[in-house]
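The following block contains the structure, expressed as structure tokens.
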Amino acid sequence: FINLSSVNLKIKHFHPHYLDETGNENVQLIDAINEILLEIPAHSQLKGGYVWVENNISFGQSHTIHVKDKIFNTGKTVFQMMKKSENICFFLCTAGKGMTDWSRKLFQEGDFLKGYFVDLAGSLIVDLATDRLSEIIEMEASGKGFSFSNRYSPGYCEWNVSDQQNLFSFFPEN
């Protein structure tokens, strides 16, 4: 649903990571990032998608949200924001195993700078793709007459990261 060309990762997205200690652009860092940008299409398997769950949500004790047969232990913050929801849209995004493998290989070879920038590139790709997915979901929500909240994910705001497995269960295996 989301492809790499819709993300359009550029050098500007790496700011301020290419600045030196005085705040000036470091040409060597910029060159390293530009090399990586050229190689990303060979390594990234960007995937993203979403699923709506409508009218199958309830809210339990201890800040839990029940969606179909899954119980999410969201913590107080997310629970408070979601407790009046009638519909939820789950979405996932990954830059793919290729980015992780590439970064790991660079680290193992001792190229820590490029390994770091490849890891950062994977995170930036996911952030940009998630922004794009959010735009798509918000337009669809508006068309359905739904309001749109902030994005929340396991690992934030006291929401235990172990709930990722519950989230994954709403999507095809791959």
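Spot the failing condition for residue 107; the list is (1) of a type in the set (A, V, I, L, M, F, W, C); (2) closer than 21 Å to residue 13 by Cβ; (3) part of a helix (DSSP H, G or I); (4) open to solvent by 30 Å² or more (accessible area, probe 1.4 Å), and only one is missed.
Residue 107 satisfies every listed condition except (2).
A further question on this structure: Within region 110-146, restricting attention to residues that are assigned to a helix (DSSP H, G or I) and within 14 Å of residue 88 (Cα to Cα), which residue is farthest from the chain's Cα centre (by Cα)?
144
In addition: Can you give me the number of residues within region 147-174 that are touching a Gly at 6+ places or on another chain (Cβ under 7 Å) and either closer than 30 Å to residue 39 by Cα or not in a helix (DSSP H, G or I) (or both)?
Residues that pass the stated criteria total 4.
Considering only region 11-26, state which residues are free of Cβ contacts under 8 Å to residues at least 24 places away in the same chain and either under 18 Å from residue 101 (Cβ atoms) or not in a loop (DSSP other than H, G, I, E, B) (or both).
12, 19, 25
Return the pair list, or none, for Cβ contacts closer than 7 Å from residues in region 27-56 that are closer than 30 Å to residue 85 by Cα and open to solvent by 60 Å² or more (accessible area, probe 1.4 Å) to residues that are at pLDDT below 90 and acidic (Asp, Glu), at least 6 apart or on different chains.
Here the result reads 55/86, each pair linking region 27-56 to a residue that is at pLDDT below 90 and acidic (Asp, Glu).
Quick one: would you say residue 131 is open to solvent by 20 Å² or more (accessible area, probe 1.4 Å), modelled with pLDDT of 90 or more and out of contact with any helix residue (DSSP H, G or I) (no Cβ under 8 Å at 6 or more places or on another chain)?
Spelling it out, residue 131 is indeed open to solvent by 20 Å² or more (accessible area, probe 1.4 Å), modelled with pLDDT of 90 or more and out of contact with any helix residue (DSSP H, G or I) (no Cβ under 8 Å at 6 or more places or on another chain).
Yes/no per residue for (1) in contact with a helix residue (DSSP H, G or I) (Cβ under 8 Å, 6 or more places away or on another chain); (2) assigned to a strand (DSSP E or B); (3) closer than 17 Å to residue 159 by Cα:
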| site | (1), (2), (3) |
| --- | --- |
| 62 | no, no, yes |
| 66 | no, yes, yes |
| 77 | no, no, yes |
| 80 | no, no, yes |
| 90 | yes, yes, yes |
| 93 | yes, yes, no |
| 100 | yes, no, no |
| 103 | yes, no, no |
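If residue 166 satisfies all but one of (1) open to solvent by 60 Å² or more (accessible area, probe 1.4 Å); (2) modelled with pLDDT of 85 or more; (3) over 16 Å from the mean Cα position of the chain (by Cα), what's the number of the condition it fails?
Tallying (1) open to solvent by 60 Å² or more (accessible area, probe 1.4 Å); (2) modelled with pLDDT of 85 or more; (3) over 16 Å from the mean Cα position of the chain (by Cα), residue 166 fails exactly one: (1).
With respect to residue 143, determine if the residue is free of Cβ contacts under 8 Å to residues at least 40 places away in the same chain and open to solvent by less than 60 Å² (accessible area, probe 1.4 Å).
no
Restrict the check to region 33-46 and report whether at least one residue is over 25 Å from residue 152 (Cβ atoms), part of a strand (DSSP E or B) and of a type in the set (D, E, K, R).
Scanning region 33-46, I find no residue that is over 25 Å from residue 152 (Cβ atoms), part of a strand (DSSP E or B) and of a type in the set (D, E, K, R), so the answer is no.
Still on this structure, please answer the following. Just give me the residues in region 57-101 being out of contact with any strand residue (DSSP E or B) (no Cβ under 8 Å at 6 or more places or on another chain) and open to solvent by 50 Å² or more (accessible area, probe 1.4 Å), in sequence order.
61, 69, 70, 76, 77, 80, 81, 84, 97, 100, 101
The values are calculated or read from the model by the stated rules, or taken from the named source; none is laboratory data. Since this is a predicted model, take the numbers as computed values, not measurements. All Cβ positions, even for glycine, are placed from backbone atoms using ideal geometry, and neighbour counts span all protein chains on display. SASA here: full protein model, heavy atoms, side chains in, ligands and nucleic acids out. Shrake-Rupley method; radii C 1.70, N 1.55, O 1.52, S 1.80 Å.
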